[in-house]
Amino acid sequence: MATHPRRACARAYLLHLFLALLPCCGFLRHAAAQSQPADEARLLLQIKRAWGDPPVLAAWNASSAAGAHCNWPYVMCDTATGLVASLSLGSTNVAGPFPDAVGNLTGLTYLDVSNNNINDTFPASLYRCGSLQFLNLSQNYFGGELPADIGGRLSANLTTLDINGNEFNGTIPTSLSRLRSLQFLALNNNRFAGTFPAELGDLASLQVLKLSQNRFDADNKLPASFSKLTKLRNLLASESNLVGDFPSFLQEMPELQFLYISNNSLTGSIPAGVWSLKKLQIFYAFANNLSGSLAVDGFAAASLTGISLGDNNLSGTIPEVFGTLKNLTELYLYSNNFSGQIPANISQLPSLWVLRLDNNRLSGTLPPELGKHSPRLTFIEADGNELTGAIPEGLCEGGQLKSFTASGNRLNGSIPAALASCPTLQWVRLENNRLSGEVPQALWTSTRLGTVLLGNNQLTGSLPPTMSSSLTLIRINNNQFVGSVPAAAAALKEFTADNNQFSGQKRRRLEKRDDWKITPFQVLDFGEAAILRGLTEENLVGRGGSGRVYRVTYTNRRTGSAGVVAVKKIRGAGALDEKLEREFESEASILGNVRHINIVRLLCCVSGPESKLLVYEYMDNGSLDKWLHGSIPDATDKSIRYAGYSDEIEVVFRLGVMCTSSSPSSRPTMKDVLQILLKCSEQTEQKSKTGHSTTPEYEAAPFLVPQRGSRRKQLSNGTGIDMDEKSDFDSIV
């Protein structure tokens, strides 16, 4: 049946009306899903409660007037809609799971919760934030795998996605390539595995890409598709297990400013075009397997501030063009095979802060003007080369130098006075050179200098009586220093000075400070390594406490004469136990608490990285016995034999006999011996003042007088000394 014309017109009208209203209905549905300003204060309070009402959000208060939430700390609202547009909660120390209520802030465009203690998986609630443009979840404890559909669910308007410094694992989802508005993508410092997704090359708007320090597979590569990232400014791909040749497409990224590809296994040479990138500021490719020379034809990277190519196999000469980079602050070329001379214009760099050229095959001299035109120069390292000539005079002219090391070269001449008096200097290492002349006294009294390594040169001069309190390590062995060893060095932890021409007592102990319980420093003619080689079972002479005692023969490297010591190793490199620490507390204790037929006294404690060694003076059997057991007057020195001190002399000799007894348990402790000798000394002095020539033995040495009930080793005249049954060698040492 035919349709009535009016009905047809009505239907057509309704259809057109429906179609006309359809967009409005969609808007109404969208509006219904949108949060309202009146609701958003409630959502913010839910977020606060989810994090346990932290004090930092105390101002988020339910009693606030309507609309006041837009003035709460860390909150910003859109002025047109009144909706929360921004939450900036970075570094506020909030903790706990990510609040689901954040996803109901539908007007949110900016969210920063970085550097907090949030532990959760990736918050899918953010999928509801359809206007989100900036998302920073970095430096938290988010973990698990990223959702496979993350790129299709997050806001298409997203320009920044920063999730670095978390615990995300699994592979990087390829769906991230659907976020075509992304300009900043940071996935570094997580636990991602697999390889770099080639699909990331589709992010044509990307300016910053951070992928470094993850757990990518050992055959990871920079995909060729990354060549499409022509707007890229920053590429961070260090510690990513990258293999293969240096990616040639990197030289075709004209906007590139920061390139970090260090700590990988990249091979081949660096394309010359890299040095033609006009906007390049940082180029870090250290710790790879790069080789070849640095081809810098067409060099245009005049904006470079940092070059780090150390720990590779690069060769050839250092390009002179590097000396024209007025903004260069860091030049790291260490541990390569560079040869030839250091370009002289390196010394003209006005912004240079760090210069590391160590462990190459560089020859010639250090640039004579080095330091004079670089007011910020702080660190210079040129060890392990073939450098000759003098140390530049102006290294510290800028007043910032902290470290100068050039050991293992053939430098000659003297140490400049200006370097020795540098007020900021903390570290000097010039071992194994051909330096000569007198070391300026200012070097030993510098207020900040902590380490001085000058061994194996031809340096002369003397050390001051008291050294700087900042010095902790001194090695001046195999030189020509004269004079005396310093009496005090408050903070010194290692002092090596053998094979010099010091006068006086060779085993002088440096003065200790109050909080330094152990004084391990004496000038000895043997080293720790030589002692350790002598700790064999064949040389075992006894056991003491927790360790064994060995007889060790050593050779004085300067005089060629042989000597013998007794050595006890103490528990590796750990701290000494309280008993041994107490033994070092006073001079009397250092002399005492040892009983062994061959051990005379404690010389020192040798402290090294692997062990601590107690070193004792050792005397072979019979060395004293022939004197102490011979006749009492013939053994006395003629100058005192008839001076009226025969009683005191006899006490001392009898004491010596007891000290050399064949039975360790019958010997007195050296602490007791010291007290007896002090009494004798006092009595002798009193005699010289009063004219008395005889004194009863017990007045001079009361410890030799028998006491009722005591256990004593009796001598022929009835004198003795207290002995504890347990004070044997094993328990005392």
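Collect residues whose amide H, placed 1.01 Å from N in the peptide plane, falls under 5 Å from the amide H of L366; neighbours closer than 5 in sequence don't count.
T388
For region 136-150, just list the computed ³J(HN,Hα) in residue order, Karplus coefficients 6.51, -1.76 and 1.60, θ = phi - 60°, integers in Hz, with x standing in for Gly and Pro.
10, 10, 5, 6, 9, 10, 5, x, x, 8, 5, x, 4, 9, 4
Under a plain spin-label model, where a point goes 7 Å from the Cα along Cα-to-Cβ, how far apart in nm are T317 and S181?
Each label point is offset 7 Å from its Cα along the Cβ direction, giving 5.5 nm.
Under a 5 Å amide H to amide H cut-off, with H placed in plane at 1.01 Å, what residues pair with C77 once short-range neighbours are removed?
Answer set, sorted by chain and number: A85.
Compute the signed sum of charges (Lys and Arg +1, Asp and Glu -1) over the other residues within less than 10 Å, Cβ to Cβ, of C70. Intermediate results must be reported in sequence, preceding the final value.
Values: positive: none; negative: E40, D78.
It works out to a net charge of -2.
List, in order, the whole-Hz ³J(HN,Hα) value for each residue of region 52-66 obtained from phi through the Karplus relation with A = 6.51, B = -1.76, C = 1.60 and θ = phi - 60°; use x for Gly and Pro.
Couplings: x, 6, x, x, 5, 10, 4, 6, 7, 10, 5, 7, 5, 5, 4 Hz.
Excluding K402 itself, what net charge comes from residues whose Cβ is under 13 Å from its Cβ, given Lys and Arg +1 and Asp and Glu -1? List each step's numbers first, then the result.
Values: positive: R376, R429, R448; negative: E381.
Once all neighbours under 13 Å are counted, the net charge is +2.
What is the extension gain from K279 to Y141, computed as 0.36 nm multiplied by their sequence separation minus the C-alpha to C-alpha distance, in nm to one decimal?
On the way: separation 138, 0.36 × 138 = 49.68 nm, distance 3.55 nm.
This chain segment gains 46.1 nm when fully extended.
Would you calculate the separation in nanometres between label points at F653 and E386, each defined as 7 Å from the Cα along the Cα-to-beta-carbon direction?
Modelled inter-label distance: 7.1 nm.
If each residue of separation counts as 0.36 nm, what is the full-extension length gain between Q46 and R215 once their alpha-carbon separation is subtracted?
On the way: separation 169, 0.36 × 169 = 60.84 nm, distance 3.68 nm.
Length difference between fully extended and current span is 57.2 nm.
Give, as ranges by residue number, the residues of region 260-283 whose backbone N falls under 20 Å from the point 7 Å along Cα→Cβ of T324.
Only 271-283 fall inside the zone, counting backbone N under 20 Å.
Any idea how far apart Q341 and T121 come out in nm if each label point goes 7 Å out from Cα toward Cβ?
The answer from the label model is 6.6 nm.
If the chain between Q133 and E494 were fully stretched, how many nm would it gain, using 0.36 nm times the residue separation less the Cα-Cα distance? Walk me through the numbers before you get to the answer.
Working: separation 361, 0.36 × 361 = 129.96 nm, distance 5.84 nm.
Full extension from Q133 to E494 adds 124.1 nm.
Long-range amide H contacts for G340: which residues qualify at under 5 Å (H placed 1.01 Å from N, peptide plane, sequence gap of 5 or more or a different chain)?
S363
With θ set to phi - 60°, apply the Karplus curve 6.51 cos²θ - 1.76 cosθ + 1.60 along region 323-332 and write out the HN-Hα couplings as whole Hz, x wherever there is a Gly or Pro.
Listing the rounded values in order: x, 9, 7, 5, 9, 5, 10, 9, 10, 10 Hz.
Determine the alpha carbon to alpha carbon distance for each of K493/K568; K326/K372; K231/K278; K279/K402; K278/K402; K568/K679 and list only those over 23 Å. List each step's numbers first, then the result.
On the way: K493/K568 20 Å; K326/K372 15 Å; K231/K278 14 Å; K279/K402 31 Å; K278/K402 33 Å; K568/K679 32 Å.
As for pairs spanning more than 23 Å Cα to Cα, those are K279/K402; K278/K402; K568/K679.
No value in this document is a laboratory result; all are computed from the given coordinates. Because the structure is a prediction, the values reported are computed rather than measured. All Cβ positions, glycine included, derive from the backbone under ideal geometry; neighbour counts span all protein chains shown.
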